1. Checking the structure you have, find out if any residue of the range 94-114 is at pLDDT below 70, surrounded by fewer than 10 Cβ atoms within 10 Å (Cβ to Cβ) and among the small types (Gly, Ala, Ser).
2. Could you tell me which of the residues Ala30, Ala18 is closer than 21 Å to Ile144 by Cβ and touching a Phe, Trp or Tyr at 6+ places or on another chain (Cβ under 9 Å)?
3. For the range 16-35, how many residues are in contact with an Asp or Glu (Cβ under 8 Å, 6 or more places away or on another chain) and farther than 18 Å from Ser68 by Cβ?
4. Since Thr22 meets every condition but one in (1) modelled with pLDDT of 85 or more; (2) in a loop (DSSP other than H, G, I, E, B); (3) of a type in the set (Ser, Thr, Tyr), which condition does it not meet?
5. Just to be sure, is Arg85 of a type in the set (Lys, Arg) and free of Cβ contacts under 8 Å to residues at least 12 places away in the same chain?
6. Being modelled with pLDDT of 90 or more, closer than 15 Å to Gly103 by Cβ and out of contact with any strand residue (DSSP E or B) (no Cβ under 8 Å at 6 or more places or on another chain) narrows it down to one of Leu10, Leu33, Leu38, Leu16, so name that one.
Amino acid sequence: MTLMTILLILLVLASLWASMTTLLLRATIALALASAILAVVMYSLGATIAAVLELSVCAGLISVVFVSVISLTQRKPFKDYVARRMSRMSRFWPLPVVLLGAGVALSFVHAPVQVALPLPSAAGDVRLVMWNIRQLDLFGQILILLTGVIGVLVLFKREDKDGD
């Protein structure tokens, strides 16, 4: 088993932990861990600038914002967490099975993707790299930042207690 395979398995496990846990602080820690593992994967694939941005913005800044927001919210009784956990487990139980099936199906594909990475000496200016060569990395960073914003909005969403 190669290092990349181990990193990708750890990335999937950390992502599952982040999406399946009901405690917000644990979800934030799992998200930061997944982001750090993703940064290592990006760095090993040659996307050094994207890896640095992933590590600093997503694993660092977004995690700090999430922890700050969590500290501002009110705690719910433990029985609410247990009820929410059971509800979430009953809804998302097929998720690990689907991910495992997709991973097995993708492992049987024998056409590896060939990505032409630019040489560091040919990259030149950082602006040229970010806007012309690494557009997909920039798009990924924008998606991750939007995900963080949506996560904060979901945290501040008010629950209707009267059913209105």
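The values are calculated or read from the model by the stated rules, or taken from the named source; none is laboratory data. Model, not experiment: these values are computed from the prediction. Glycine gets a Cβ as well: all are built from the backbone with ideal geometry, and neighbour counts include every protein chain shown.
1. Step one: list which residues in the range 94-114 are at pLDDT below 70, which gives 109-114.
This time we only want the ones that are surrounded by fewer than 10 Cβ atoms within 10 Å (Cβ to Cβ), so: 109-114.
Now restrict to residues that are among the small types (Gly, Ala, Ser): 111.
So far as the range 94-114 goes, yes, one or more of its residues are at pLDDT below 70, surrounded by fewer than 10 Cβ atoms within 10 Å (Cβ to Cβ) and among the small types (Gly, Ala, Ser).
2. Numbers: Ala18 fails: touching a Phe, Trp or Tyr at 6+ places or on another chain (Cβ under 9 Å).
Testing whether each residue is closer than 21 Å to Ile144 by Cβ and touching a Phe, Trp or Tyr at 6+ places or on another chain (Cβ under 9 Å) leaves just Ala30.
3. Going residue by residue through the range 16-35, those that are in contact with an Asp or Glu (Cβ under 8 Å, 6 or more places away or on another chain) are 35.
Next cut, farther than 18 Å from Ser68 by Cβ only: none.
Residues meeting the conditions: 0.
4. The one condition Thr22 does not meet is (1).
5. Numbers: of a type in the set (Lys, Arg): yes; free of Cβ contacts under 8 Å to residues at least 12 places away in the same chain: no.
No, not satisfied.
6. Working: Leu33 fails: closer than 15 Å to Gly103 by Cβ; Leu38 fails: closer than 15 Å to Gly103 by Cβ; Leu16 fails: modelled with pLDDT of 90 or more.
Going through Leu10, Leu33, Leu38, Leu16 in turn, just one is modelled with pLDDT of 90 or more, closer than 15 Å to Gly103 by Cβ and out of contact with any strand residue (DSSP E or B) (no Cβ under 8 Å at 6 or more places or on another chain): Leu10.
One line per residue, one yes/no per condition, for (1) surrounded by fewer than 12 Cβ atoms within 10 Å (Cβ to Cβ); (2) in a helix (DSSP H, G or I); (3) among the β-branched types (Val, Ile, Thr):
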| position | (1), (2), (3) |
| --- | --- |
| Ala39 | no, yes, no |
| Tyr43 | no, yes, no |
| Leu53 | no, yes, no |
| Val57 | no, yes, yes |
| Ser71 | yes, yes, no |
| Met86 | yes, yes, no |
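Yes or no, residue by residue, for (1) at negative phi; (2) at pLDDT below 80; (3) small (Gly, Ala, Ser):
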| position | (1), (2), (3) |
| --- | --- |
| Gly46 | no, no, yes |
| Gly60 | yes, no, yes |
| Ser71 | yes, yes, yes |
| Met89 | yes, yes, no |
